[in-house]
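Structure first, commentary second.
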């Protein structure tokens with residue numbers, strides 16, 4: 001009898017899992033359920049559509065035919081309401097029931113709203129969150145028409161909003177808590193290069209700020225943002241990127257361990273409930289390099305997690321381990337930026353600013369590299385990622401990671 | 001480290017800035033395998049590289065670059 005696999009989510013984690021299952025188990029029944037109205041698209045490139053730089057067509061990855069050709073049952077616009085892990089069933093909003101032998105949850109998240117923090121008018125018309133292709137279409141349409149804007153959220157997603165404002169000639173202010181962008185991963189010295197990039201595209205960083213409340217007109221459209229110091233910024237358009245709420249509600253009545261950080265899985269992408277796996281942004285996985293639980297939202301990591309989960313689901317054992325060093329680049333400005341590994345997880349840091357546009361920061365824990373940030377020159381990423389992957393002990397050599405050309409052979413003598 | 005152009009395959013690549021169209025195969029830098037990322041950065045610096053990048057692909061980096069046969 002053929003095995004039945006149900007995958008919740010058709011992002012890169014869910015889609016790569018479906019493809020892997022089909023390769024590993026040609027006779028299996030595979031169903032992919034997604035609440036979105038379109039098949040897999042290139043989530044990295046949707047920001048380029050919002051900026052007005054890229055048409056829709058190159059962003060689509062799979063047409064529905066792709067699933068038909070692989071005999072994968074793709075169900076669009078399908079909301080999972082609950083999972084019965086005893087009966088091995090997934091229930092949907094339309095009352096459909098999908099039985100499974102193995103279940104993969106790759107449902108990702110939903111952008112957090114400032115409404116959950118009690119910010120007045122946080123869901124007013126004109127305030128955007130950025131996660132799906134549909135979001136990108138709405139953001140593009142509004143940004144093309146707007147003259148003034150505000151961005152809230154000084155991290156990797158917020159800067160996409162800022163770049164969109166810059167590309168669409170929206171006169172925008174980027175409100176940040178603290179004195180710099182992504183303060184958990186960058187010192188002021190490095191962040192200043194990003195601040196300069198923002199100014200060059202016409203977006204003004206505002207520090208020690210944020211959104212205390214939003215003001216709307218009589219029709220409920222956004223009019224202005226007021227920050228905690230009382231300063232008022234006129235804005236027809238606002239982008240809010242303060243994090244994700246993971247889509248785990250349908251697991252509430254199950255013993256699957258979930259939290260605000262997502263779904264707990266081991267290094268095999270398996271939850272603590274038999275036959276239930278998870279992959280992608282939604283996981284809090286055991287990182288075999290860090291030796292502790294970690295999260296990662298990058299494309300490559302999600303794709304790999306989907307493949308690893310699929311192989312283990314088909315094998316019905318811990319056949320494949322997830323071991324991955326991720327990276328994420330920001331290329332909105334003339335100067336490229338790349339974070340790798342876990343840049344915020346260091347116990348100590350070494351850093352250097354080489355020029356107006358070049359900077360390197362390496363995060364270390366227990367004498368080993370765990371992550372870092374490169375600005376301007378991305379070439380050292382391969383060697384630094386190798387340091388992480390191979391868990392090279394650096395002893396007193398950490399400062400040598402800042403040399404222009406890192407000589408790995410002379411680093412990390414055998415212990 | 002960048003390799004001399006055509007060292008391994010006898011083929012060469014170059015990058016040309018383009019405005020992407022609906023017909024293009026566009027990939028983000030983050031979606032390239034490590035060898036292709038390395039080659040892209042070498043080509044962008046004007047240095048030779050292995051021919052790991054498929055010609056015709058448009059790569060999104062700080063701009064859009066089409067990979068072309070030199």
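The values are calculated or read from the model by the stated rules, or taken from the named source; none is laboratory data. This is a predicted model, so every value here is computed, not measured. In this analysis, Cβ positions are derived from the backbone assuming ideal geometry, glycine residues included, and neighbour counts consider all displayed protein chains.
Can you say whether residue A:331 is in contact (Cβ under 8 Å) with a residue 40 or more places away in the chain and surrounded by 15 or more Cβ atoms within 10 Å (Cβ to Cβ), as far as the supplied structure shows? Judged against the criteria, residue A:331 is not a match. Within the stretch A:48-59, the set of residues being farther than 10 Å from residue B:60 by Cβ and facing chain B (nearest Cβ under 10 Å) comprises A:55, A:56, A:57, A:59.
State which residue is nearest to residue A:404 (Cα to Cα) when the search covers only the stretch B:41-59 and only residues that are in contact with a helix residue (DSSP H, G or I) (Cβ under 8 Å, 6 or more places away or on another chain) and modelled with pLDDT of 95 or more. Checking each candidate, the answer is B:59. When residue A:58 is tested against the conditions (1) crowded, with 18+ Cβ neighbours inside 10 Å; (2) closer than 21 Å to residue A:262 by Cβ; (3) more than 20 Å from the chain's Cα centre (by Cα), the lone failure is (2). Here residue A:313 passes the criteria (1) touching a helix residue (DSSP H, G or I) at 6+ places or on another chain (Cβ under 6 Å); (2) under 30 Å from residue A:272 (Cβ atoms) except the one numbered (1).
Out of curiosity, is residue A:393 touching a residue at least 24 places away in the same chain (Cβ under 8 Å), in a loop (DSSP other than H, G, I, E, B) and over 25 Å from the mean Cα position of the chain (by Cα)?
It is true that residue A:393 is touching a residue at least 24 places away in the same chain (Cβ under 8 Å), in a loop (DSSP other than H, G, I, E, B) and over 25 Å from the mean Cα position of the chain (by Cα).
Applying the set (1) touching a residue at least 40 places away in the same chain (Cβ under 8 Å); (2) closer than 26 Å to residue A:5 by Cβ to residue A:245 leaves exactly one unmet item: (2).
Yes/no matrix, rows are residues, columns are (1) modelled with pLDDT of 95 or more; (2) crowded, with 16+ Cβ neighbours inside 10 Å; (3) within 16 Å of residue A:6 (Cβ to Cβ); (4) out of contact with any strand residue (DSSP E or B) (no Cβ under 7 Å at 6 or more places or on another chain):
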| residue | (1), (2), (3), (4) |
| --- | --- |
| A:69 | yes, no, no, yes |
| A:72 | yes, yes, yes, no |
| A:76 | yes, no, yes, yes |
| A:90 | yes, yes, yes, no |
| A:98 | yes, yes, yes, no |
| A:101 | yes, yes, yes, no |
| A:109 | yes, yes, no, no |
| A:120 | yes, no, no, no |
| A:124 | yes, yes, no, no |
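Checked against the criterion of being without any contact (Cβ under 8 Å) to a residue 24 or more places away in the chain and either in contact with a helix residue (DSSP H, G or I) (Cβ under 9 Å, 6 or more places away or on another chain) or under 18 Å from residue A:106 (Cβ atoms) (or both), the candidates A:379, A:279 yield just one match: A:379.
The set of residues in the stretch A:7-31 being crowded, with 24+ Cβ neighbours inside 10 Å and out of contact with any helix residue (DSSP H, G or I) (no Cβ under 6 Å at 6 or more places or on another chain) consists of A:8, A:9, A:10, A:11, A:14, A:15, A:18. Every listed requirement among (1) in contact with a strand residue (DSSP E or B) (Cβ under 7 Å, 6 or more places away or on another chain); (2) surrounded by fewer than 17 Cβ atoms within 10 Å (Cβ to Cβ) is met by residue A:150 save one, (2). Close contacts from the stretch A:30-45, counting a first residue that is within 16 Å of residue A:73 (Cβ to Cβ) and within 14 Å of chain B (Cβ to nearest Cβ) and a second that is modelled with pLDDT of 95 or more and in a strand (DSSP E or B), with Cβ to Cβ under 9 Å and a gap of 6+ residues or different chains, come to A:40/A:60. Scanning the stretch A:287-296 turns up no residue that is in contact (Cβ under 8 Å) with a residue 60 or more places away in the chain, touching a strand residue (DSSP E or B) at 6+ places or on another chain (Cβ under 8 Å) and buried (at least 23 other Cβ atoms within 10 Å of the Cβ).
Does residue A:337 fit the bill of being at pLDDT 95 or above and in contact with a helix residue (DSSP H, G or I) (Cβ under 6 Å, 6 or more places away or on another chain)? When the stated conditions are applied, residue A:337 does not pass them.
Restricted to the stretch B:34-70, and to residues there that are in a loop (DSSP other than H, G, I, E, B) and within 10 Å of another protein chain (Cβ to nearest Cβ), the residue that is surrounded by the fewest Cβ atoms within 10 Å (Cβ to Cβ) is B:45.
Remark: residue A:172 falls outside the filter, which requires a residue to be touching a helix residue (DSSP H, G or I) at 6+ places or on another chain (Cβ under 9 Å) and closer than 15 Å to residue A:123 by Cα.
Go through the stretch A:339-361 and give me each residue that's touching a strand residue (DSSP E or B) at 6+ places or on another chain (Cβ under 6 Å) and under 14 Å from residue A:189 (Cα atoms). Once the filter is applied, which keeps residues that are touching a strand residue (DSSP E or B) at 6+ places or on another chain (Cβ under 6 Å) and under 14 Å from residue A:189 (Cα atoms), the stretch A:339-361 yields A:349, A:350, A:351, A:352, A:353, A:359, A:360, A:361.
When A:163, A:145, A:136, A:167 are screened for being surrounded by fewer than 17 Cβ atoms within 10 Å (Cβ to Cβ), within 27 Å of residue A:56 (Cβ to Cβ) and modelled with pLDDT of 95 or more, only A:145 passes.
Given the options A:234, A:317, name the one that is surrounded by fewer than 16 Cβ atoms within 10 Å (Cβ to Cβ), touching a residue at least 12 places away in the same chain (Cβ under 8 Å), over 22 Å from residue A:12 (Cα atoms) and more than 17 Å from the chain's Cα centre (by Cα).
A:234
A single member of A:231, A:192 is closer than 23 Å to residue A:336 by Cβ and at pLDDT 95 or above, and it is A:192. If the Cβ limit is 7 Å and pairs must be 6+ apart or interchain, which residue in the stretch A:125-150 that is without any contact (Cβ under 8 Å) to a residue 24 or more places away in the chain pairs with which residue that is buried (at least 17 other Cβ atoms within 10 Å of the Cβ)? Hits for this filter: A:138/A:128.
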